[in-house]
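**Q** Got a structure for you, questions after.
The values are calculated or read from the model by the stated rules, or taken from the named source; none is laboratory data. It should be emphasised that the depicted structure is a prediction, and the values quoted were computed from it without experimental measurement. Here the Cβ is made from the backbone with ideal geometry for all residues, glycine too, and neighbour counts use every protein chain on show. These area figures cover heavy atoms from the full protein model, side chains too; ligands, DNA and RNA do not enter into them. Shrake-Rupley method; radii C 1.70, N 1.55, O 1.52, S 1.80 Å.
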Amino acid sequence: MYPDKAPKTVENFLQYVRDKHYDGTIFHRVIDRFMVQGGGMDRNMVEKKTRAPVVHEGRAAFDQGLRNQVGTLAMARTSDPNSATAQFFINVNNNAFLDPQGNNPGYTVFGKVVGGMDVVNKIKGVQTGTAGMHGDVPLAPIVITSATIVP
């Protein structure tokens, strides 16, 4: 985590971990050569209740050197830059187009995978399909059993 570069985003994510929000959620959007997204849906593709959105810190984090590169964590959001709540994604490619540029606010990078990238690389290659209105959903659920804070 980079609390010095994206403090509100890191605290938001860690609070969801402390609240056990991520336990039992799935990686519900997987696109090889792009990213794997999770943290918001249960096994039945029902979105979990969240707190209020976190203020977007994409530009500040970018200005301090954080980029959407392989292995980085960033907050998922809607077209509103200030709409990120609990969902996050792990970049499995260098995705510079997700970085702030001009009027594009980009996506806030707030952490990096420091162990287990081999697991992320297995996830990015799973077979996906459609579940209701959602595309790129793994055919077999990929469950986050639990998330914990390790000092």
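**Q** Go through (1) closer than 21 Å to Arg29 by Cα; (2) at pLDDT 95 or above; (3) open to solvent by 50 Å² or more (accessible area, probe 1.4 Å) for Ala52 and report which single condition fails.
**A** Of the numbered conditions (1) closer than 21 Å to Arg29 by Cα; (2) at pLDDT 95 or above; (3) open to solvent by 50 Å² or more (accessible area, probe 1.4 Å), the odd one out for Ala52 is (1).
**Q** Return the pair list, or none, for Cβ contacts closer than 9 Å from residues in the stretch 26-43 that are among the basic types (Lys, Arg) to residues that are part of a loop (DSSP other than H, G, I, E, B), at least 6 apart or on different chains.
**A** From residues that are among the basic types (Lys, Arg), the pairs are Arg29/Ala76; Arg29/Gln87; Arg33/Val92; Arg33/Asn93; Arg33/Lys124; Arg43/Gly24; Arg43/Pro141.
**Q** From the set of residues in the stretch 1-44 that are of a type in the set (S, T, N, Q) and more than 25 Å from Ala131 (Cα to Cα), which is most open to solvent (accessible area, probe 1.4 Å)?
**A** Gln15
**Q** Only one of (1) closer than 23 Å to Val17 by Cβ; (2) surrounded by 15 or more Cβ atoms within 10 Å (Cβ to Cβ); (3) touching a helix residue (DSSP H, G or I) at 6+ places or on another chain (Cβ under 7 Å); (4) not polar (S, T, N, Q) is not met by Pro138, so which one is it?
**A** Answer for Pro138: the failing condition is (3).
**Q** Before we move on, is Arg67 out of contact with any Cys (no Cβ under 6 Å at 6 or more places or on another chain) and farther than 26 Å from Val119 by Cα?
**A** When the stated conditions are applied, Arg67 does not pass them.
**Q** Tally time: how many residues in the stretch 57-70 are open to solvent by 40 Å² or more (accessible area, probe 1.4 Å) and touching a strand residue (DSSP E or B) at 6+ places or on another chain (Cβ under 8 Å)?
**A** Here the count works out to 4.
**Q** A further question on this structure: I need the full set of residues from the stretch 89-111 which are crowded, with 21+ Cβ neighbours inside 10 Å and either at pLDDT below 95 or of a type in the set (Phe, Trp, Tyr) (or both), in order please.
**A** Answer for the stretch 89-111, where residues must be crowded, with 21+ Cβ neighbours inside 10 Å and either at pLDDT below 95 or of a type in the set (Phe, Trp, Tyr) (or both): Phe89, Tyr107, Phe110.
**Q** Do we find that Arg29 is part of a helix (DSSP H, G or I), of a type outside the set (A, V, I, L, M, F, W, C) and at pLDDT 95 or above in this structure?
**A** Taking the combined requirement at face value, the residue does not satisfy it.
**Q** Quick check on the stretch 114-130: of everything there that is of a type in the set (A, V, I, L, M) and open to solvent by 30 Å² or more (accessible area, probe 1.4 Å), which residue is farthest from the chain's Cα centre (by Cα)?
**A** In this case the residue turns out to be Val126.
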